[in-house]
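Chemist: Please see the structure below; I have some questions.
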Number of protein chains: 4
Amino acid sequence: MTGYHCLAIPGPTNMPFEIRQAMELPLEDHRAPDFGEFTLPLLDDLKKIFRTQTGRVFVFPGSGTGGWESAIANTLSEGDRILTSVYGHFSHLWADMCKRFKLNVDIINQNWGKGVPLEKYRELLEKDKNHSIKAVLVCHNETATGVTSDVMGVRHILDELSHPALLLVDGVSSIGSLEFHMDYWGIDVAVSASQKGFMMPTGLAIVGVSKKALSLCDKADLPRCFFDFSEMARMNDDGYFPYTPATNLLRGLRASVDMLLKEGLDNVHKRHFRLAEGVRRAVAAWGLSTCAERPEFSSDTVTAVKVKPGIDANEIIKHAYYDFKVSLGGGLSILNGDVFRIGHLGWTNETMILQALGGVELAMLKSGFLFEPGAGVGAAIQHYSGTKRLVLQAA
Amino acid sequence: MTGYHCLAIPGPTNMPFEIRQAMELPLEDHRAPDFGEFTLPLLDDLKKIFRTQTGRVFVFPGSGTGGWESAIANTLSEGDRILTSVYGHFSHLWADMCKRFKLNVDIINQNWGKGVPLEKYRELLEKDKNHSIKAVLVCHNETATGVTSDVMGVRHILDELSHPALLLVDGVSSIGSLEFHMDYWGIDVAVSASQKGFMMPTGLAIVGVSKKALSLCDKADLPRCFFDFSEMARMNDDGYFPYTPATNLLRGLRASVDMLLKEGLDNVHKRHFRLAEGVRRAVAAWGLSTCAERPEFSSDTVTAVKVKPGIDANEIIKHAYYDFKVSLGGGLSILNGDVFRIGHLGWTNETMILQALGGVELAMLKSGFLFEPGAGVGAAIQHYSGTKRLVLQAA
Amino acid sequence: MTGYHCLAIPGPTNMPFEIRQAMELPLEDHRAPDFGEFTLPLLDDLKKIFRTQTGRVFVFPGSGTGGWESAIANTLSEGDRILTSVYGHFSHLWADMCKRFKLNVDIINQNWGKGVPLEKYRELLEKDKNHSIKAVLVCHNETATGVTSDVMGVRHILDELSHPALLLVDGVSSIGSLEFHMDYWGIDVAVSASQKGFMMPTGLAIVGVSKKALSLCDKADLPRCFFDFSEMARMNDDGYFPYTPATNLLRGLRASVDMLLKEGLDNVHKRHFRLAEGVRRAVAAWGLSTCAERPEFSSDTVTAVKVKPGIDANEIIKHAYYDFKVSLGGGLSILNGDVFRIGHLGWTNETMILQALGGVELAMLKSGFLFEPGAGVGAAIQHYSGTKRLVLQAA
Amino acid sequence: MTGYHCLAIPGPTNMPFEIRQAMELPLEDHRAPDFGEFTLPLLDDLKKIFRTQTGRVFVFPGSGTGGWESAIANTLSEGDRILTSVYGHFSHLWADMCKRFKLNVDIINQNWGKGVPLEKYRELLEKDKNHSIKAVLVCHNETATGVTSDVMGVRHILDELSHPALLLVDGVSSIGSLEFHMDYWGIDVAVSASQKGFMMPTGLAIVGVSKKALSLCDKADLPRCFFDFSEMARMNDDGYFPYTPATNLLRGLRASVDMLLKEGLDNVHKRHFRLAEGVRRAVAAWGLSTCAERPEFSSDTVTAVKVKPGIDANEIIKHAYYDFKVSLGGGLSILNGDVFRIGHLGWTNETMILQALGGVELAMLKSGFLFEPGAGVGAAIQHYSGTKRLVLQAA
């Protein structure tokens, strides 16, 4: 089938040619005497993306899952009590990992379509007078439901209660796209990965670590080696790594960070909001609703669209893929069949969103869901152009 | 500005990654002892694209303009009388080149929006009892107006009149996209270039030459060397070239030819028709008309859209480019300001067309031309999905 | 500084353009409905490289270190007794990791320059009547010293003693280059990585796992998630992964496996032997010796060269890098300053070895170590050409 | 066969990854409103490479042959008398092209191994009192023999005689590598191509044109269109081209020019001299001689090596290619079989030269030409390291 594949999943995202160019290099010697001249400024600039001045950022070969693992294995010990909440497939997976690592996990189950349950967190933390809760986990942007959570709200609670628990945050599908303030939000470990806001190939876990978290590593006795912060910190100090780093991905990361900083993080956030809003207008124009229960929960990086009863979301996804070369995200776990997801993060713009929405329309029509062709795309065009509705009638 | 640039001009077209892959090679030795093992099958397979069994295909570093030059310089002599017609910028340029080469050029001027004037050709050829006309030129697909001409009609006339003039055809924006039959249509020189139907970077003139044309080279005394057919034929016989060939483009051409043959030329043509039809539906939905005066003239590789009086087509093109990262073709020569052109040839598909149409809508709205947002895109979606019009009302 | 960098380290190795081409793709949807059509044959063909029919091969984002971690975390429990030996930097690191994972580690220290101490292994295993030793570790090819060990010898001992311990093998710098027989040698976990014999960028841990090892995962209670075999096996069964895989590296791996299988593993081994032998002749011609104490210990993927007293190996490495754009491996740990290493594995050939040797000669001369210029390169040329020594005298 | 191909021909040369990166772009719109922002500075910087302030540089899709054609077709008329000399295959070809273009060509035949015959030129120009000679042609660097000619000497003669003939120079294998001063040497048309000193893929003719030459275009009546200077100049003034330019090659050219200017042309020349000298030392060490008759004729971009009687140079070339993946240049025309050529221009360095020389040694030994293995490589190493000969004996 001809033409480019339209990648409208919430990661991997589309990759700019600037990053492709940066990786168009021969393999290189990661122990070269001047290798640090490349890595030290990169690691430094990554801090700007995480918005931390006092913390550090570590880069591991891996994925977001590896980043989650690093967050708990470096800061906690067997049997430690932690507090987390589940409101989607990915928040579930991280909680599950904590159990595998023999932590004592308090899980609050929340509707899939809502975000972090602030009041429940407050309640439990308030009760925890002797500070048995060692860490609080938050999934900032639940990629499965398209819901963004209030991390600052959790920080406020911890501060108000003077609770010393670590704040560990999954920022995989938010960092580099949505507002994220590691220092200001008082985050101890912030987990991201290369294939989302960084617009890169999968293969890197990118993890921000606060001074406090780093100072606790010695006491944390969960076994770890590959994802060990201390060893990484020690080698990074000179610009090297404890084992062979994925140098060509690091070269791509250099280009990625340059692009994000050049655009300016505030502009990046505004762009994501503007583009996401067009998608939400399209969803409304189709007469459909999002998984996010309320507008203020809506993620600007991914929209989970609920299909009408009697329609199989997986049919739409298959038609999009096979008939129109469009990749949509599927409904994960309990949402399977009821939801398809449109990614709108990273290296994208208005017409790329229109292409994806056009593909969704073609696939929905093919699946038997009828609506006025062009209605969704038109709503997005209207939003992007600032045109008033029903211009012809107005004329 | 973020996101991919949407290239909706009638060439260069979008390039498949398969071709990019094929060119991802170190530079190579064009006089290597086994170089012919690569070039001979490539030159042979190119004949399938031109649909010639008795002719040959030559590949020069160059562009379509170089191909035009090769067509006349190898077959004609100073003062030779030729017959051609002008119905757009490119047919004009070729005619002009003939004058620069000191040929005696009979030019028939035709409305820009029509194709080759068969009756006028018949008339002049009929009068030419002593066969002073040495060659008849036809621009198969006038890229400036989006009009496809009836080359077979010209062949019929020549045959009916038993006129021995050579038939030289500009197939730059048709070969590899539209129906084109070098042998069946009795074409003597067919000119193409890499950056259109071949989906490649600019840099190659690709020229089909009949046995008859080749046999006339010795008598043709226009000076030539770089574009000389005979020398090229002599070296090509062993798989080599008279001077350093553009080997990495040849590697890309190998991939291009493989892709076209794998899809099947008939499927390629059908795809171009189907996609072009969606564009034409969009134009109609916007209440606009095409430069092509009648539907049967419409090109399936490019559509020239006439804007409404009072609207500046160049404004639309600028907004598309600067505000939405979409490249549209401009109105060339006398069409400047009145026309913008949408290319829909080569490596494209439904959603890429929808992206381009969405970009056109955004740019038109920005330029002050009002219409129901999504109307054009919706009409194309309707066409591509086979949906009946006004489905909501029918429901 | 102009010209290509000469990468003569023992990994990352030089990358063939075929692999570069294979990765020249847009990012893709790892949950696409047909993704398994790509991954299933790849995972199957990887078994041919490991030479296992009954085991499986897993691919993780990571490095060799991650592979080591997977080997122990999936098969062992806290406090389990294991037997290993240290004869270089990398065998040391793996042993150290085992301690971090709270295993009870019996370490046999061996001269750096020798391989696995078979007799000591036999002795300890023989004494272990109640089979308290759960796993025996072997570093097949110690990259720090250029010594290849006798894994089959360890297997024989285990078999003769009917000892049920698992056999875990570090094949990072041997698999895909040197003879390696996972099934025939009775290996339970075989660890490799992408940037050595696979000629790829760093970023993948590639791990072969026997049926026996896989069946023990349930009982092994070391915490793990990212590197979990069972979850990987479950998802791999359908051609998917438990988390986002590094798809572009997987595309490269496809090309790598194709190339290795096309050349034939036996030919790959012979080529490595032939090229390595040229390097060893050069070392001898310079009047230097290798770290490998005896010829039969010599690795065919890397040669560690001992410099003369009074010469600083790091000076040579720096001159090679800064003055001649040649990357050599350094002496690691206790070998620092006394040794430089020449990698000769992966995508290489005679003249690439000559280039590296030429670079070594230039750097040694620059560092003040005098010898007849060309002596080493000449010895290698003599070997590669099959020429008798001193041909001029013979003539 | 494994490993990189060693490209030791005198063009195409090795291509730096910086240029590869620069061309790693989607195809683009050559009529984009801001295209001139890219092309205008590029065309300006090209003047620095040609070392002209008063002339212009034009870039055509094509090769050096196309550049030759542009030089004569834009400046001369049918029957014009020109003076040239032949001392190798390429000077012969250009002279031959002049005859095909119906010029009246005075050819001085010179030994292949010498350069431009200054005294003969002086003699003929002195006799030409009525200035019937309209142009004098010089091949600056004869790639077939490895001889560099004294262009400034020709200029001096023209100046001393106040002869107004144009000075047209083939600088294909010299510009960007060897000293070349378009203005200072009073050159009217200087022809180069992308695949030599510019380290790029083949596909561009790059032509410097003096004001004087440009002013004569109107009077020159040889037919031309594709290679027309005036039309190119007119469009270039705004940063555009008369027909679709090879944009991705232009992007590569931008990187090429940046690299050359960053290194500094004087450094580029010195580097070529230094590397070439190593090759010449190797040739001497093998007991062979160069085609260049005297040291001062020797080209620093290519060395043509004469083999011993009874040895077939083509055998050596074939063994190099098939057995060792090394591309050497062949003996062209009358030199066929007696000569092989080693290119040492463009993106190269000491160890790349050593690799090529090592390949030559392997191929010569394979072809039955006996010498002390390593003798040539060693002589080059000695030169590059500044080591005194026979260090061991001296020690």
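Chemist: Springs between alpha-carbon pairs under 10 angstrom, Gaussian network model over chain A: which of A:344, A:319, A:131 fluctuates most?
Modeler: Evaluated over chain A, the most mobile residue of the options is A:131.
Chemist: While we're here: Of the candidates A:289, A:385, A:70, which one comes out as most mobile in a Gaussian network treatment of chain A with C-alpha springs shorter than 10 Å?
Modeler: A:385
Chemist: Quick check: net charge around residue B:291, other residues with Cβ under 15 Å of its Cβ, Lys/Arg +1 and Asp/Glu -1? Could you put the intermediate results ahead of the total?
Modeler: On the way: positive: B:114, B:280, B:294, B:306, B:308, B:341; negative: B:142, B:293, B:296, B:300, B:338.
Charge balance in the 15 Å sphere: +1.
Chemist: Determine the shielding of peptide B:334-345 by partner chains: average, over its residues, the number of Cβ atoms on other chains within 10 angstrom of each Cβ. Display every interim value, and only then the final one.
Modeler: Values: counts 0, 0, 0, 0, 0, 0, 0, 0, 0, 1, 0, 0.
If you average over the peptide's residues, the count of other-chain Cβ atoms is 0.
Chemist: Now for a separate question. Please list the non-local residues whose amide H lies under 5 Å from the amide H of residue D:341, H modeled 1.01 Å from N, same-chain partners needing a gap of 5 or more.
Modeler: Counting only residues 5 or more places away or on other chains, the set is D:305, D:329, D:330.
Chemist: Please get the size of the charge dipole for the range C:250-395, origin at its Cα centre, with Cβ charges of +1 on Lys and Arg and -1 on Asp and Glu, quoted in debye to the nearest 20. Mind showing how you got there, number by number?
Modeler: Working: 17 positive and 14 negative charges, 47 e Å.
Here the range C:250-395 has a charge dipole of around 220 debye.
Chemist: What is the calculated FRET efficiency for residue A:150 to residue A:262, with r their C-beta to C-beta distance and R₀ = 30 Å, to the nearest 0.05? Walk me through the intermediate numbers first.
Modeler: On the way: r = 29 Å, r/R0 = 0.98.
E between residue A:150 and residue A:262, to the nearest 0.05, is 0.55.
Chemist: Ok, one more. Could you give the distance between the Cα centres of the range D:339-379 and the range A:347-367, to the whole Å?
Modeler: Result: 58 Å between the Cα centres.
Chemist: Is there a simple number for the mean count of other chain Cβ atoms within 10 Å of the Cβ of residues in A:298-308, and what is it? Don't skip to the end; give the middle numbers.
Modeler: Working: counts 0, 0, 0, 0, 0, 0, 0, 0, 0, 0, 0.
Rounded to a whole number, the mean comes out at 0.
Chemist: Take chain C, connect every pair of alpha-carbon atoms lying under 10 Å apart with a spring to form a Gaussian network, then pick out the residue of C:56, C:281, C:294 with the largest mean-square fluctuation.
Modeler: Its mean-square fluctuation being the largest, the pick is C:294.
Chemist: Same structure, new question: What are the nm distances, shortest first, from residue D:215 to its equivalents in the other copies, labels at 7 Å along Cα→Cβ?
Modeler: 5.2, 8.0, 9.5
Chemist: I've got another one for you. Based only on other Cβ atoms within 10 Å, what is the fewest-to-most ordering of D:174, A:210, B:215, D:77? Let's see the in-between values first.
Modeler: Values: D:174 28, A:210 22, B:215 10, D:77 15.
With the fewest neighbours first, D:174, A:210, B:215, D:77 line up as B:215, D:77, A:210, D:174.
Chemist: Note the distances from residue B:111 to each other copy's matching label point, with points 7 Å along the Cα-to-beta-carbon direction, in nm, sorted shortest first.
Modeler: Sorted ascending, the copy-to-copy spacings read 6.4, 7.5, 9.7 nm.
Chemist: Between beta-carbons, use under 15 Å as the cut-off and find the net charge around residue C:52, counting Lys and Arg +1, Asp and Glu -1.
Modeler: Numbers: positive: C:47, C:48, C:51, C:56, C:155, C:211, C:212; negative: C:44, C:45, C:179, C:183, C:188.
Local net charge: +2.
Chemist: When you look at the Cβ of every residue in C:215-223, what mean number of other chain Cβ atoms sits within 10 Å? Show your work: numbers first, answer last.
Modeler: Details: counts 0, 0, 0, 0, 0, 0, 1, 1, 13.
Per residue, the average neighbour count from other chains is 2.
Chemist: Shifting gears a bit: Subtracting the Cα-Cα distance from 0.36 nm times the residue separation, let me have the gained length for residue B:270 to residue B:132 in nm, one decimal.
Modeler: Values: separation 138, 0.36 × 138 = 49.68 nm, distance 3.98 nm.
Extra length available between residue B:270 and residue B:132 comes to 45.7 nm.
Chemist: While we're looking at this one, here's another question. Would any residue of the range D:129-156 have its amide N under 16 Å from a label point 7 Å out along Cα→Cβ of residue D:162? List them or say none.
Modeler: D:129-132
Chemist: Give, rounded to the nearest 20 debye, the magnitude of the charge dipole that the range D:2-107 has about its Cα centre when Lys and Arg contribute +1 at Cβ and Asp and Glu contribute -1 at Cβ. Don't skip to the end; give the middle numbers.
Modeler: Numbers: 10 positive and 13 negative charges, 92 e Å.
Here the size comes out at about 440 debye.
Chemist: To the nearest 500 deg cm²/dmol, what mean residue ellipticity at 222 nm is calculated for chain A from DSSP H runs of n ≥ 4 alone, each contributing -39,500 (n - 2.57), summed and divided by the residues?
Modeler: Working: 14 runs with 161 residues, N = 395.
So the helix-based figure for chain A works out to -12500 deg cm²/dmol.
Chemist: Report, for residue A:124, each distance to the same residue's label point in the other copies, shortest first and in nm; define the point 7 Å along Cα→Cβ.
Modeler: List, nearest first: 4.4, 8.6, 9.5 nm.
Chemist: Only counting other Cβ atoms within 10 Å, I'd like A:232, D:199 sorted with the fewest neighbours first. Spell out each step's value before the answer.
Modeler: Details: A:232 24, D:199 28.
Result, fewest neighbours first: A:232, D:199.
Chemist: Please give the charge dipole size of the protein assembly as shown, origin at the Cα centre, charges +1 on K and R Cβ atoms and -1 on D and E Cβ atoms. Round to the nearest 20 debye. Numbers along the way, then the final one.
Modeler: Values: 160 positive and 180 negative charges, 1 e Å.
Roughly 0 debye, rounded to the nearest 20.
Chemist: Among C:85, D:132, which comes first, then next, by fewest other beta-carbon atoms within 10 Å? Please report the intermediate quantities before stating the final value.
Modeler: Numbers: C:85 26, D:132 13.
Listed from fewest to most nearby Cβ atoms, that is D:132, C:85.
Chemist: Moving to a separate point now. Can you tally the net charge around residue C:351? Count Lys and Arg as +1, Asp and Glu as -1, for every other residue whose Cβ sits under 12 Å from the Cβ of residue C:351. Before the final figure, lay out each step's value.
Modeler: On the way: positive: D:325; negative: C:350, D:323, D:361.
Net local charge, residue C:351 excluded: -2.
Where a number appears in this text, it was derived from the coordinates with a stated rule and is not lab data. Computed from a predicted structure; not experimentally measured. Cβ sites come from the backbone with ideal geometry, for glycine too, and all protein chains shown count toward neighbours.
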